[in-house]
Amino acid sequence: MTAVHRKSDAGQAFPIYLTVVAGLLFLAFAYLAVGQAAANRSGAQTAADAAALAAAQETRDDLARAWARDVLDPTRWDEIFDGVAPGVDSACWRAYELAAMNDAEAECWSDGLLAYKVVATTNKTVGDSIVPGTEGKRSTETARAVIERRCNLQFPGEDAGDDVLPSLSCKGEKWELDPEDLTELPDPEDLFDVHLAD
(Lines give C-alpha, C1' and ligand atoms only; values in the text may rest on other atoms or scores of the structure.)
Protein backbone atom coordinates (compact mmCIF):
# COMPACT_ATOMS: atom_id res chain seq x y z
CA MET A 1 0.00 0.00 0.00
CA THR A 2 2.77 2.37 0.94
CA ALA A 3 4.83 1.55 -2.19
CA VAL A 4 1.86 2.28 -4.43
CA HIS A 5 1.39 5.65 -2.72
CA ARG A 6 5.06 6.60 -3.33
CA LYS A 7 4.81 5.68 -7.01
CA SER A 8 1.73 7.89 -7.33
CA ASP A 9 3.59 10.85 -5.72
CA ALA A 10 6.51 10.44 -8.13
CA GLY A 11 4.16 10.45 -11.09
CA GLN A 12 2.57 13.69 -9.96
CA ALA A 13 5.93 15.40 -9.37
CA PHE A 14 7.29 14.68 -12.86
CA PRO A 15 5.02 17.16 -14.73
CA ILE A 16 5.85 19.83 -12.14
CA TYR A 17 9.55 19.12 -12.65
CA LEU A 18 9.15 19.45 -16.43
CA THR A 19 7.27 22.74 -16.01
CA VAL A 20 9.98 24.16 -13.75
CA VAL A 21 12.77 23.10 -16.13
CA ALA A 22 10.91 24.56 -19.12
CA GLY A 23 10.42 27.82 -17.23
CA LEU A 24 14.10 27.99 -16.32
CA LEU A 25 15.10 27.33 -19.92
CA PHE A 26 12.76 30.06 -21.11
CA LEU A 27 14.29 32.49 -18.61
CA ALA A 28 17.80 31.50 -19.71
CA PHE A 29 16.95 32.14 -23.36
CA ALA A 30 15.28 35.43 -22.43
CA TYR A 31 18.40 36.57 -20.56
CA LEU A 32 20.49 35.51 -23.55
CA ALA A 33 18.32 37.64 -25.84
CA VAL A 34 18.69 40.62 -23.50
CA GLY A 35 22.46 40.03 -23.42
CA GLN A 36 22.62 39.90 -27.23
CA ALA A 37 20.72 43.18 -27.50
CA ALA A 38 22.94 44.83 -24.85
CA ALA A 39 26.10 43.68 -26.62
CA ASN A 40 24.80 45.05 -29.92
CA ARG A 41 23.95 48.40 -28.30
CA SER A 42 27.39 48.49 -26.70
CA GLY A 43 28.97 47.91 -30.11
CA ALA A 44 26.95 50.78 -31.58
CA GLN A 45 27.98 53.12 -28.74
CA THR A 46 31.64 52.17 -29.14
CA ALA A 47 31.44 52.88 -32.87
CA ALA A 48 29.72 56.24 -32.30
CA ASP A 49 32.21 57.33 -29.62
CA ALA A 50 35.24 56.32 -31.68
CA ALA A 51 33.89 57.97 -34.83
CA ALA A 52 33.05 61.29 -33.13
CA LEU A 53 36.44 61.42 -31.38
CA ALA A 54 38.29 60.61 -34.61
CA ALA A 55 36.61 63.46 -36.48
CA ALA A 56 37.29 65.90 -33.64
CA GLN A 57 40.93 64.84 -33.37
CA GLU A 58 41.43 65.28 -37.11
CA THR A 59 40.05 68.82 -36.89
CA ARG A 60 42.21 69.50 -33.83
CA ASP A 61 45.30 68.46 -35.81
CA ASP A 62 44.25 70.62 -38.79
CA LEU A 63 43.77 73.64 -36.51
CA ALA A 64 47.18 73.06 -34.90
CA ARG A 65 48.80 72.96 -38.35
CA ALA A 66 46.97 76.16 -39.32
CA TRP A 67 48.25 77.83 -36.15
CA ALA A 68 51.81 76.70 -36.89
CA ARG A 69 51.56 78.19 -40.41
CA ASP A 70 50.37 81.54 -38.97
CA VAL A 71 52.50 81.48 -35.85
CA LEU A 72 54.23 84.74 -36.86
CA ASP A 73 50.86 86.49 -37.22
CA PRO A 74 49.39 86.63 -33.70
CA THR A 75 46.34 88.54 -34.95
CA ARG A 76 45.14 85.22 -36.43
CA TRP A 77 45.66 83.10 -33.31
CA ASP A 78 42.35 83.76 -31.56
CA GLU A 79 40.33 82.90 -34.68
CA ILE A 80 42.23 79.65 -35.12
CA PHE A 81 41.74 78.69 -31.48
CA ASP A 82 38.03 79.39 -31.95
CA GLY A 83 37.91 76.99 -34.91
CA VAL A 84 38.15 79.39 -37.85
CA ALA A 85 41.04 78.71 -40.21
CA PRO A 86 41.33 78.57 -44.01
CA GLY A 87 41.62 75.03 -45.31
CA VAL A 88 40.17 73.41 -42.19
CA ASP A 89 37.14 71.52 -43.48
CA SER A 90 34.78 68.95 -42.02
CA ALA A 91 36.55 65.80 -40.87
CA CYS A 92 33.46 63.58 -41.02
CA TRP A 93 35.38 61.31 -43.40
CA ARG A 94 37.37 60.16 -40.35
CA ALA A 95 34.13 59.36 -38.54
CA TYR A 96 33.03 57.16 -41.44
CA GLU A 97 36.39 55.35 -41.42
CA LEU A 98 36.28 54.63 -37.70
CA ALA A 99 32.65 53.51 -37.83
CA ALA A 100 33.52 51.05 -40.61
CA MET A 101 36.43 49.73 -38.55
CA ASN A 102 33.91 49.03 -35.77
CA ASP A 103 31.53 47.25 -38.19
CA ALA A 104 28.99 50.07 -38.26
CA GLU A 105 27.61 52.78 -40.52
CA ALA A 106 27.68 56.42 -39.43
CA GLU A 107 25.96 59.69 -40.02
CA CYS A 108 28.12 62.67 -39.09
CA TRP A 109 27.79 66.42 -39.04
CA SER A 110 29.54 69.41 -37.53
CA ASP A 111 27.79 70.59 -34.41
CA GLY A 112 29.24 74.10 -34.32
CA LEU A 113 32.80 75.02 -35.25
CA LEU A 114 34.39 72.82 -32.61
CA ALA A 115 32.13 69.79 -32.25
CA TYR A 116 30.95 66.71 -34.13
CA LYS A 117 27.84 64.62 -33.67
CA VAL A 118 27.73 61.04 -34.91
CA VAL A 119 24.91 58.50 -35.12
CA ALA A 120 26.27 54.97 -35.58
CA THR A 121 24.24 51.91 -36.58
CA THR A 122 25.67 48.41 -36.29
CA ASN A 123 25.97 46.27 -39.40
CA LYS A 124 25.25 43.16 -37.33
CA THR A 125 21.75 42.43 -36.14
CA VAL A 126 20.74 41.19 -32.72
CA GLY A 127 20.33 37.72 -34.25
CA ASP A 128 17.99 34.83 -33.57
CA SER A 129 16.34 34.82 -30.17
CA ILE A 130 13.08 33.81 -28.54
CA VAL A 131 11.87 37.41 -28.74
CA PRO A 132 9.93 37.71 -32.01
CA GLY A 133 10.88 40.49 -34.42
CA THR A 134 14.42 41.09 -33.10
CA GLU A 135 16.26 38.94 -35.65
CA GLY A 136 16.87 41.78 -38.10
CA LYS A 137 17.12 44.62 -35.56
CA ARG A 138 20.28 46.73 -35.64
CA SER A 139 21.34 48.99 -32.79
CA THR A 140 21.80 52.75 -33.15
CA GLU A 141 23.62 55.04 -30.73
CA THR A 142 24.72 58.69 -30.72
CA ALA A 143 27.91 60.44 -29.59
CA ARG A 144 29.13 64.02 -29.55
CA ALA A 145 32.79 65.06 -29.37
CA VAL A 146 34.00 68.58 -28.71
CA ILE A 147 37.29 70.41 -29.23
CA GLU A 148 38.19 72.94 -26.56
CA ARG A 149 41.03 75.41 -26.66
CA ARG A 150 43.49 74.88 -23.84
CA CYS A 151 45.45 78.11 -24.28
CA ASN A 152 45.05 81.77 -23.45
CA LEU A 153 47.19 84.42 -25.10
CA GLN A 154 49.31 86.77 -23.06
CA PHE A 155 50.44 89.72 -25.14
CA PRO A 156 53.72 91.48 -24.33
CA GLY A 157 53.74 94.99 -22.89
CA GLU A 158 53.88 98.11 -25.06
CA ASP A 159 57.62 98.48 -24.44
CA ALA A 160 58.30 95.09 -26.08
CA GLY A 161 59.44 95.06 -29.68
CA ASP A 162 57.06 94.45 -32.58
CA ASP A 163 58.65 91.09 -33.27
CA VAL A 164 57.88 89.68 -29.82
CA LEU A 165 55.21 86.99 -29.95
CA PRO A 166 52.51 86.51 -27.31
CA SER A 167 53.10 83.74 -24.82
CA LEU A 168 50.67 80.85 -24.50
CA SER A 169 49.29 79.74 -21.16
CA CYS A 170 47.90 76.25 -21.76
CA LYS A 171 46.26 74.73 -18.68
CA GLY A 172 49.22 75.35 -16.40
CA GLU A 173 51.94 75.07 -19.06
CA LYS A 174 53.47 78.25 -20.46
CA TRP A 175 55.05 78.57 -23.88
CA GLU A 176 57.38 81.49 -24.65
CA LEU A 177 57.84 81.56 -28.41
CA ASP A 178 60.98 82.93 -30.03
CA PRO A 179 60.30 84.10 -33.61
CA GLU A 180 63.96 83.38 -34.42
CA ASP A 181 63.70 79.77 -33.28
CA LEU A 182 60.36 78.04 -33.87
CA THR A 183 61.68 74.50 -34.00
CA GLU A 184 59.77 73.47 -30.88
CA LEU A 185 56.10 74.33 -31.00
CA PRO A 186 53.30 72.92 -28.84
CA ASP A 187 51.73 69.69 -30.05
CA PRO A 188 48.05 69.63 -31.07
CA GLU A 189 47.09 68.05 -27.73
CA ASP A 190 48.87 70.92 -25.94
CA LEU A 191 46.73 73.47 -27.78
CA PHE A 192 43.35 71.70 -27.82
CA ASP A 193 41.50 69.20 -25.69
CA VAL A 194 39.22 66.65 -27.36
CA HIS A 195 36.61 64.74 -25.38
CA LEU A 196 33.13 63.28 -25.51
CA ALA A 197 30.27 65.45 -24.31
CA ASP A 198 26.55 65.02 -23.67
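The values are calculated or read from the model by the stated rules, or taken from the named source; none is laboratory data. Remember, it's a predicted structure, so these values are computed and weren't measured experimentally. Please note: Cβ atoms are built from the backbone with ideal geometry, for glycine as well, and neighbour counts cover all protein chains shown.
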Checking residue 82 against (1) more than 15 Å from the chain's Cα centre (by Cα); (2) over 29 Å from residue 178 (Cα atoms), which single condition isn't satisfied?
(2)
Cβ-Cβ under 6 Å, sequence separation 6+ or interchain: first residue in segment 115-126 and of a type in the set (Phe, Trp, Tyr), partner modelled with pLDDT of 95 or more and surrounded by 21 or more Cβ atoms within 10 Å (Cβ to Cβ). Which pairs?
116/52; 116/55; 116/56; 116/145
For segment 41-52, check the following and say yes or no: at least one residue is among the basic types (Lys, Arg), in contact with an Asp or Glu (Cβ under 7 Å, 6 or more places away or on another chain) and free of Cβ contacts under 8 Å to residues at least 60 places away in the same chain.
no
Can you tell me how many residues in segment 126-165 are at pLDDT 85 or above and under 28 Å from residue 198 (Cα atoms)?
14
Given the conditions (1) modelled with pLDDT of 95 or more; (2) crowded, with 16+ Cβ neighbours inside 10 Å; (3) closer than 21 Å to residue 64 by Cα, report the number of the one that residue 120 does not fulfil.
(3)
Scan segment 79-101 and tell me whether some residue there is touching a Lys or Arg at 6+ places or on another chain (Cβ under 6 Å) and in a loop (DSSP other than H, G, I, E, B).
no
If residue 176 meets every condition in (1) at pLDDT below 95; (2) acidic (Asp, Glu); (3) under 26 Å from residue 100 (Cα atoms) apart from one, which number is that one?
(3)
Looking at segment 63-91, which of its residues are β-branched (Val, Ile, Thr) and in contact (Cβ under 8 Å) with a residue 60 or more places away in the chain?
71
Does residue 91 fit the bill of being closer than 30 Å to residue 72 by Cα, crowded, with 18+ Cβ neighbours inside 10 Å and at pLDDT 90 or above?
yes
